[in-house]
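I'd like to ask some things about the structure below.
Every number in this text was worked out from the coordinates using simple rules, so none of it is lab data. On a predicted model such as this, the values are computed, not experimentally measured, just so you know. Please note: Cβ atoms are built from the backbone with ideal geometry, for glycine as well, and neighbour counts cover all protein chains shown.
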């Protein structure tokens, strides 16, 4: 490897640190106008009337739009096209957009918003899942499956009840993971403009320009060929810009109607309302284990608070269960999930999408299991790590697994064996693991086309331009693209120009979500680079009179045995021989083995693995928590740029620790006798608490390289997986320190102190959920695991009995 | 957060001129660093017609036997001020805000509440609150009085130190004990008249002093509890911040400590007396009952440090930094 694996300045690093990167809000076009959205102050209501006369007449106002201007709905998933750009009738949370004003400046637009008179007819509000279950009416959405239950899912892979019956121990635990939000430093912003031919361009801080493109065409009822979406570099995404946003639709419409550029920048409060972040999830785990610490089966139930719209919710709901089988061997698995609608900003994907919640539950439960069985928690896990090149109970295909090495690494570096349970009162160590997708196996809308495409343009000057729809959101996708092409062509990454995230001129890439970019874009880039390399090699081989496959592309030269030409010269030979040079590469993940309905969520070309040890100190008098150090090892397959990879791991640790200790997107209902308000408690960067640099511990990061054959040069994801083990490792460390279980996140000092008081009073030293409401889960889809005679298809209930007999 | 509303801006060169402008303009407010006022104006908690800046007045930057109200918090941190004041100033907000925010500004800081420190649209969604534009205190719905919390760090430190402040208006000037500057009312929290300018802080000599701040994180956050303690030839004084609408001296504890040596038993007893006066409301960060529960510990830390115990390890845990 000439480029990969060596720490480098990222190709877009200089512009970023010198403030020259142009984010969406940096775009200023001639004659540009500014837009503000009027948002509902009502948590749940029907709009009776909107009087826009005063706003329209306000000096400086150019346009006022309401829900009547947008008859077509949209939504990121085909199954939940439930959002209007502006609510025409029904508002579902405080912050739901109902009107828009375009004016000469933002201040004027804001003033005009305040002049609009909206009459609302209030509806009963639903604030949490229990209320949603108890109140099927009024329905937040008519299309939900049952009352206010948006989605119900149930799957059973093997007879779990039987597996629990024959287990030596069955552990039943409840966990709760509070919702939290992405907190990108850059607030969402978009600029829309029409060109002289009436075609629309939208610049937007989005992670998914391709999906925004599709939604704009649908909502604005324009040919997709007349719309161009350019994803500006994002100042952080974390999933918060994965959804198609109301303001993107409205600003596009406004630009078309006015024939002038229009900009909107959300303020921080609005980002908290746009949300699409971590779902609050209540979980119930029933897990059977043998006395030597092998899992016999797991039954997981989840109850998910979805907020006011579908968003990615259906997928998120699947993800609270689908990846539970990828980390450890789970011979039988049953998963039941319900997502409800509530009158709060919609939840969606945040780093780890749906998996951090059950990962927290499982890893804390494993800590309890290890203690009960008197097995070291690291040994317990090492004894059950999933096998490479295997199928899981729910028919996911696992390739490489570096988890064992991850566990051994953090155990050694933290001196686990001599310190776990031995640090004395108030200090402790906790261990946890995790695994994550390297790209979702299926696209969001059904199609059999490539999920990523890369086009290369090479000319006689030696310059290489790479076009790809992938989106630079700070994670370094441009750097990965340049590095992979540079590695194949033997040139410097800085000599490659990346043109990315532009639906008008780049091949389709589905976007920066599900940790898919390195693997999918990377494979497409290798495909395109190899094609170009072959052309150059053929032409150069003729000149150097050698066989093409003897040529070495390195250090900006094409060489054979002491004879060499510069890369530019080699390209000239090829341009002379073949004409203008270009190549296309594309990538589509391998077909997953699962055949049952629902098998589409969970498959991935590869899975990354992480292990983490957290050291915690707890003051018994106050419950105050200090985390002095975290060790983390991540199975990355192969490192493309260690600087970026380590940054992703440390960023994950930061976010994970912040979620573990303080972050919560919580809401406040005022006394119902006096008010019907249901508001976000703290929509501000000051009062929504996240760690500061002073609260960050030392992080010991190790990258474990176990190249995966499905991945470009073996490189797996590193953007999300390292987050997963942090939260449970914190909980387990706190248990080691003071012997109390905090089975819900965030773990705050008041919860620790309450548990310590329970402990002192001789009661169960635990704080966490104490009951799980009755949820009308449907009959499960029954799919026998691979080792019980199934073929990946669902079977009817009576067939299961037959299969069980034959399996026995 | 919205953009700033329009306002007139004046930047007089002297206290007298500032006082004249203030007296002549009905709807004017003083601005020093603006770190509290400007965000509040963006949220429309206040929208004065005129801002009178104090930042061009050199006389407010005196630093020595008296401390000018215009000293930035960073200047206070780096000054020879007693330790409690430097520790308090150091723990305000962040470096950038301390470089702008002033001693006088921190003493006159608006009271804070989760129902009040929100943007205009949010407050509209709850139909506003007693402190601004509404009729109900949502923290204590039966309360006739606003219970927003005093959130200044410097005031409890200065109360414990027995500080006095100098106030100047166009009609005269006066010097009062710092305790007399505050009202226990979240709305009408200052006894400073609207035409008066707080110009100087006078701090009598002390033997030792300390300030302990409880907050979630190592930076940014306002206090949810501040405990200041100072020892002088007159005795030990303890003051609390962030648990009422004003910072206050805990007279019961101070009386108890009179003439006593700070033994472990005495500290425990005094800490209990201090904690019994901490009555936080559910309008700030962190769990209300926990905040009350741990007040005794924080008071103990302060008194132990005042006694001369090495509390650096504890301080590093609580404050995430040594100050």
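Given the Cα-Cα distance of residue A:674 and residue A:15 and 0.36 nm per residue of separation, how much length would full extension add, in nm?
Here the answer is 231.9 nm.
Also, quick follow-up: Let me see the P(r) profile for the range B:200-323: every Cα-Cα distance counted, bins of 5 Å, each bin given as a percent of all pairs.
For the range B:200-323, the binned pair fractions read 2, 11, 22, 24, 20, 14, 6, 1 percent.
Over chain A, what is the relative contact order in percent, taking alpha-carbon pairs closer than 8 angstrom and at least six residues apart?
16 percent
Taking 0.36 nm per intervening residue step and subtracting the Cα-Cα distance, what contour gain separates residue A:497 from residue A:449 on full extension?
14.7 nm
What's the average, rounded to a whole number, of partner chain beta-carbon atoms within 10 Å of each residue's beta-carbon in B:280-289?
That works out to 2 on average.
Under Stokes-Einstein, with the Kirkwood radius over Cα pairs standing in for Rh, what whole-number D in µm²/s applies to the range A:449-587 at 25 °C and 0.890 mPa s?
It diffuses with D of about 165 µm²/s by this estimate.
Here's a follow-up. Based on the mean of other beta carbon atoms within 10 Å per residue, what is the order of A:593-604, A:769-780, most packed first?
A:593-604, A:769-780
Just the projected area, averaged over all directions, of the convex hull on the alpha carbon atoms of chain B: how many nm²?
15.7 nm²
Still on this structure, I have one more. At q = 0.12, 0.15, 0.17 Å⁻¹, what log₁₀ I(q)/I(0) does the range A:175-267 have when each alpha carbon counts as one equal point scatterer in the Debye sum?
Each listed q corresponds, in turn, to -0.37, -0.54, -0.67.
In terms of the ratio Rg/(2.2 N^0.38 Å) built on C-alpha atoms, what value belongs to the protein assembly as shown?
Here the answer is 0.99, to two decimals.
While we're on this one: Where does the Debye-calculated log10 I(q)/I(0) of the range A:111-208 sit at q = 0.15 Å⁻¹, using only Cα point scatterers of equal weight, no solvent?
Evaluating at q = 0.15 Å⁻¹ gives log10 I(q)/I(0) of -1.12.
Taking the Cα-to-Cβ direction at residue B:184 and at residue B:6 and moving 7 Å from each Cα, how far apart do the two end points lie in nm?
Here the modelled spin labels are 4.4 nm apart.
If each residue's Cβ is checked for other Cβ atoms within 10 Å, how do A:390, A:514, A:49 rank with the fewest at the top?
With the sparsest Cβ surroundings first, the list reads A:49, A:390, A:514.
Per residue of A:680-690, how many C-beta atoms from partner chains lie within 10 Å of its own C-beta, taken as a mean?
5
What order do you get for A:608-620, A:709-721, A:740-752 when each peptide is scored by the mean count of other beta carbon atoms within 10 Å, highest first?
A:608-620, A:709-721, A:740-752
Counting other C-beta atoms within 10 Å, which of A:247, A:226 has the fewest, and how do the rest follow?
A:226, A:247
What number in nm² do you get for the range A:425-493 if you take the convex hull of its Cα atoms and divide its surface by four?
9.1 nm²
Moving to a separate point now. Tally the DSSP beta bridges in the protein assembly as shown and give the antiparallel ones as a percent, rounded to 5.
So the antiparallel bridges amount to about 75 percent of the total.
Continuing with the same structure: Got a sec? Which residues in the range A:86-109 would a label at residue A:28 touch, if it sits 7 Å along Cα→Cβ and we count backbone N under 16 Å?
What the label zone holds, given the 16 Å backbone N cut-off, is A:104-107.
Go through A:328-337, B:140-149 and give me the packing order, highest mean Cβ count within 10 Å leading.
A:328-337, B:140-149
Given contacts defined as C-alpha pairs under 8 Å and at least six residues apart, what's the relative contact order of the range A:449-587, whole-number percent?
Computed value for the range A:449-587: 35 percent relative contact order.
Specify the angular offset, from 0 to 90 degrees and rounded to the nearest 10, of the alpha carbon long axis of helix B:15-24 from the longest principal axis of the alpha carbons in chain B.
60 degrees
Kirkwood hydrodynamic radius, the range B:39-177, all distinct C-alpha pairs: what's the number in Å?
Over the range B:39-177, the inverse of the mean reciprocal pair distance is 16.9 Å.
Just how far, in whole angstrom, is the range A:258-320 from the range B:307-323 if you go by their alpha carbon centroids?
40 Å
In the range A:739-772, which residues have a backbone nitrogen under 18 Å from the label point lying 7 Å from residue B:309's Cα in the Cα-to-Cβ direction?
none
Calculated FRET efficiency, residue A:170 and residue A:774, Cβ-Cβ r, R0 22 Å, to nearest 0.05?
Computed FRET efficiency for residue A:170 and residue A:774: 0.60.
Could you list the residues of the range B:263-301 with an amide nitrogen less than 14 Å from a label point located 7 Å from the Cα of residue B:317 in the Cα-to-C-beta direction?
B:294, B:297-301
Sort A:347, B:113 so that the residue with the fewest other Cβ atoms within 10 Å of its own Cβ comes first and the one with the most comes last.
If I rank by nearby Cβ atoms, fewest first, I get B:113, A:347.
For the range A:332-376 and the range B:208-281, write down the distance between their C-alpha centroids in whole Å.
43 Å
How high is the relative contact order of chain B? Use alpha-carbon pairs under 8 Å, at least six apart in sequence, and give a whole percent.
Computed value for chain B: 16 percent relative contact order.
How long is the gain from residue A:290 to residue A:68 if the chain were fully straight, where each residue apart is worth 0.36 nm and the alpha carbon distance is subtracted?
Answer, rounded to one decimal: 73.8 nm.
Have a look at B:174, B:123, B:307 and tell me which one the Gaussian network model of chain B (Cα, springs below 10 Å) gives the largest fluctuation.
Comparing B:174, B:123, B:307 in a Gaussian network model of chain B, the most mobile one is B:174.
Summarise the partner chain shielding of B:121-131 as one whole number: the mean count of Cβ atoms from other chains within 10 Å of each residue's Cβ.
So the per-residue partner count for this stretch is 6.
Between residue B:20 and residue B:268, what is the label-point separation in nm under the 7 Å Cα-to-beta-carbon projection?
6.3 nm
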